[in-house]
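The values are calculated or read from the model by the stated rules, or taken from the named source; none is laboratory data. Just so we're clear, the structure is a prediction, and the values are computed from it rather than from any experiment. For neighbour counting, all protein chains shown are included, and Cβ atoms are generated from backbone atoms with ideal geometry for every residue, glycine included. Protein only, heavy atoms only, side chains kept; ligands, DNA and RNA dropped before computing areas. Shrake-Rupley method; radii C 1.70, N 1.55, O 1.52, S 1.80 Å.
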Amino acid sequence: MTDGKLPLRTRLASTVSRGAAALSRATGRGDGSVIGGRLGLLIDPELLANLAAGRQVALISGTNGKTTTTRLTAAALGVLGPVATNSFGANMPSGHTSALARAGNTPYAVLEVDEHYLSAVLASTSPRVVALLNLSRDQLDRAKEVAMMAQLWRDALAQHPGVQVVANADDPMVTWAATPQGPAGDGPAVTWVAAGQRWHDDSWVCPRCGAHIERAGGQWWCTGCPLRRPDPQWTVDGDAVVDPGGIRHHVALRLPGRVNLANAATALAVAAELGVPVARAVPRLAEVTSIAGRYATVARDGRTIRLLLAKNPAGWLEAFDMAEEAPTLLSINARDPDGLDTSWLFDVDFSSLRGRRVLVTGDRAYDLAVRLEVDGVAFTHVRSFDQAVAAVPPGRLEVIANYTAFQDIRAELDRVN
Ligand SMILES: [Zn+2]
């Protein structure tokens, strides 16, 4: 919908939203992507729905990888035309509203959605495609909350049988969520991606019947009911993504790790559903180099420092896989956005770091130290990021940090992008 066709209240709300965002940026109070949207929604509660109308919308949700997959999908969709996206990770309705208001009249939108808001955002944006990446515990949640989230997604999708779902076949919780039986006995169409599952500890119990889930040879199945891994149409093979036609597409990503190749496979699947030829989308993926500092590589004092963000147990395992065999700094805080309780550290197996030069820092370095001690990982405590840089020889330094610890280090490195 062009601005001129929007209801007066929506036009006013949209203008206020953009103005507040610009003001917020100008006064140095963040990028404005939340406050502008919040004000706009106060004036017009239908603002998000009105701004989404007329666009082809794709939503991306999951516990991990949604910011990266959103960026990759937006890059792939760029083949077809301008794409609105909430690239700052403001992934609740206020952020979506602000992103669409700021982007103006684009034919496409790719929105990262916090998993708790998927139902609301499905209702207001009427997306063509919804991608479901994975579900695992956050810092404070446990398996029970994960099953509840799967049920919420499932209920939400049952209300939208016309949406095309792109879902991870390797995650039993996602598989269950993606296949609701609607009132007419038919749910949304699903395209399955073999996106992998690094973290199994939240899906040993079948969400459908409560029986044990078995895994072997890349398959999983419930021992008590017919729920099992669907056959994926999209797979990852070495450094290639294989499309539903069996064609291998070599993907030269600038982001590390198999998990990002799986994110690329999901992005290509979403883009393909919206009509993007895969071969034209693939080169676009290499344009994505870092996301709000994540995966950024920075040179300082002869060290090449790479930043990896890990916000929850599954994210830590993925970061260990991505980190090169090099000195590694781990930084942990426990401020509000991180969760105040660090007991999740005991959910993560740190033993793959054995034999590596490990440094620890952050507000809760001592909690981390206890955890490493138990796992038999030798480490050195440093008081600051600078001290860590000085303590390692010239060459590579891998940094893995949780949310506010990551932001602290980014600030020290002058807001690297
Ligand atoms: Zn079952």
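Per the Kirkwood formula applied to alpha carbons, segment 70-175 shows a radius of gyration over Rh ratio, Rg over Rh, of 0.97. The figure for ARG364 is an accessible area of roughly 80 square angstrom, using a 1.4 Å probe on the protein chains alone. For segment 297-412, count all C-alpha to C-alpha pairs, find those more than 24 Å apart, and express that count as a whole percent of the total. Every Cα pair in segment 297-412 considered, those over 24 Å come to 15 percent.
Considering only ALA272, ALA391, ALA178, the Gaussian network model of the chain with Cα springs below 10 Å gives its largest mean-square fluctuation to ALA391. Using a simple spin-label model with pseudo-atoms 7 Å out from Cα toward Cβ, ASP386 and ARG300 lie 1.0 nm apart.
For the chain, the calculated P(r) over all alpha carbon pairs, in 10 Å bins from 0 to the bin holding the longest distance, is 5, 21, 30, 27, 14, 3, 0 percent. Ellipsoid semi-axes for segment 46-285, based on the Cα gyration tensor and the rule √(5λ), read 27, 22, 16 Å when sorted largest first. Largest first, the residues LYS311, LYS5 sort by 1.4 Å accessible area into LYS5, LYS311.
Residues in the chain average 40 Å² of solvent-accessible surface per residue, probe 1.4 Å, ligands and nucleic acids excluded. Please say if segment 186-239 is rounded, prolate or oblate, where rounded means a/c under 1.5 for a ≥ b ≥ c the square roots of the C-alpha gyration tensor eigenvalues, and otherwise the choice is prolate for a/b larger than b/c and oblate otherwise? Oblate, since a/c reaches 1.5 and b/c is not below a/b. The sum of -39500 (n - 2.57) across all DSSP H runs of n ≥ 4, divided by the residue count of the chain, sets its helix-only mean residue ellipticity at 222 nm to -10500 deg cm²/dmol. Of all segments of the chain bounded by GluC sites (Glu not before Pro) found in a DSSP loop with no more than 16 other C-beta atoms within 10 Å, the longest spans 47-286. Taking only protein heavy atoms and a 1.4 Å probe, the accessible area of segment 297-412 is 48% carbon and sulfur. Scalar couplings 3J(HN,Hα) for segment 213-223, obtained by applying the Karplus form with A = 6.51, B = -1.76, C = 1.60 to θ = phi - 60°, are 9, 9, 9, 6, x, x, 9, 9, 7, 7, 7 Hz; x denotes Gly and Pro.
Subtracting the Cα-Cα distance of CYS209 and ALA252 from their residue separation scaled by 0.36 nm leaves 11.4 nm. Only protein heavy atoms count here; under a 1.4 Å probe, ASP239 has an accessible surface of about 80 Å².
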